[in-house]
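Read the structure below first, then the notes.
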Amino acid sequence: MEIRDVIFRIEQERKEQNAIYHAAAAKFGLTDSALWAFYCISKSDEDQTQQDLCRRGCYAKQTINTAIAGLAKDGLVELIPGPGTRNCKKIHLTPNGRALADRTARPLKAAEEQAYGRLSEAELSAYLQTLGKLNE
């Protein structure tokens with residue numbers, strides 16, 4: 001197999017995976033970035049900042065800012081100023097936001113665990129090593 005064919009196939013697989021997540025976001029009535037924000041926020045019981053989400057998810061600041069502003073406008077998150085700073089705010093899920101996260105991000109994570117759970121430890125290790133090597 002030629003390298004161009006491999007690259008094309010990898011990109012096709014990646015686009016298909018992105019389409020799966022996009023369809024999930026649409027099913028839940030969310031934008032892709034709002035779904036990913038919920039995904040990251042609901043991963044931890046601790047409040048996070050927009051910078052945390054940008055760093056953890058490799059998202060552009062404006063993408064996260066827009067998603068969080070929309071979620072705040074809809075009453076799904078609250079922005080709580082941190083001590084001694086005016087622009088570093090913690091993102092806190094409201095009760096409605098927690099309920100939506102339970103209906104969206106949690107089932108998505110469960111589906112991921114089921115899908116990745118079908119792989120052996122050796123396959124998962126090889127997958128991670130390969131992705132890391134490609135990213136280097």
**Gyration tensor (Cα) of region 5-81, equivalent ellipsoid semi-axes in angstrom** = 27, 14, 10
**Item:** Rounded to the nearest 20 debye, dipole of region 1-71 from Cβ charges on Lys, Arg, Asp, Glu
**Value:** 120 debye
**Asked** How about region 39-122: which GluC sites (Glu not before Pro) there are in a DSSP loop, with at most 13 other Cβ atoms within 10 Å of their Cβ?
**Response** 46
**Asked** Based on the Kirkwood radius over alpha-carbon pairs, what value in µm²/s does the Stokes-Einstein equation return for the translational diffusion coefficient of the chain at 20 °C and 1.002 mPa s?
**Response** 128 µm²/s
**Message:** If I require 15 Å or longer along the helix axis, counting alpha carbons, and a Kyte-Doolittle average no lower than -1.0, what helices from the chain are left? Use full DSSP H segments.
**Reply:** 3-27, 61-73, 105-116, 121-135
**Complete:** Per the charge dipole of region 67-136 (beta-carbon charges, Lys/Arg positive, Asp/Glu negative, Cα centre), the residue among 68, 101, 82 reaching farthest to the positive end is 82
**Request:** Using the Cα centre as the reference, give the magnitude of the dipole from point charges on the C-beta atoms of region 37-136 (Lys, Arg: +1; Asp, Glu: -1; all else neutral), rounded to the nearest 20 debye.
**Result:** 360 debye
**Request:** At 1.4 Å probe size, with no ligands or nucleic acids counted, give the accessible surface of residue 22 in Å², nearest ten.
**Result:** 100 Å²
**Net charge over other residues, Cβ less than 11 angstrom from the Cβ of residue 105 (K, R count +1; D, E count -1)** = +3
**Complete:** Check: in region 11-108 the Lys pairs 8 or more apart or on separate chains whose Cα atoms fall under 17 Å apart number 5
**Message:** Can you tally the net charge around residue 55? Count Lys and Arg as +1, Asp and Glu as -1, for every other residue whose Cβ sits under 14 Å from the Cβ of residue 55.
**Reply:** +2
**Fill in**
Magnitude of the Cβ-charge dipole (Lys and Arg +1, Asp and Glu -1) of region 59-112 about the Cα centre, nearest 20 debye, reported as 140 debye
**Prompt:** Quick one: accessible area per residue over region 41-133, 1.4 Å probe, rounded to a whole number of Å²?
**Reply:** 68 Å²
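The values are calculated or read from the model by the stated rules, or taken from the named source; none is laboratory data. All figures in this text were calculated on a predicted structure; none of them were measured in a lab. In this analysis, Cβ positions are derived from the backbone assuming ideal geometry, glycine residues included, and neighbour counts consider all displayed protein chains. Just the protein is used for accessible areas: all its heavy atoms, side chains included, with ligands, DNA and RNA removed. Shrake-Rupley method; radii C 1.70, N 1.55, O 1.52, S 1.80 Å.
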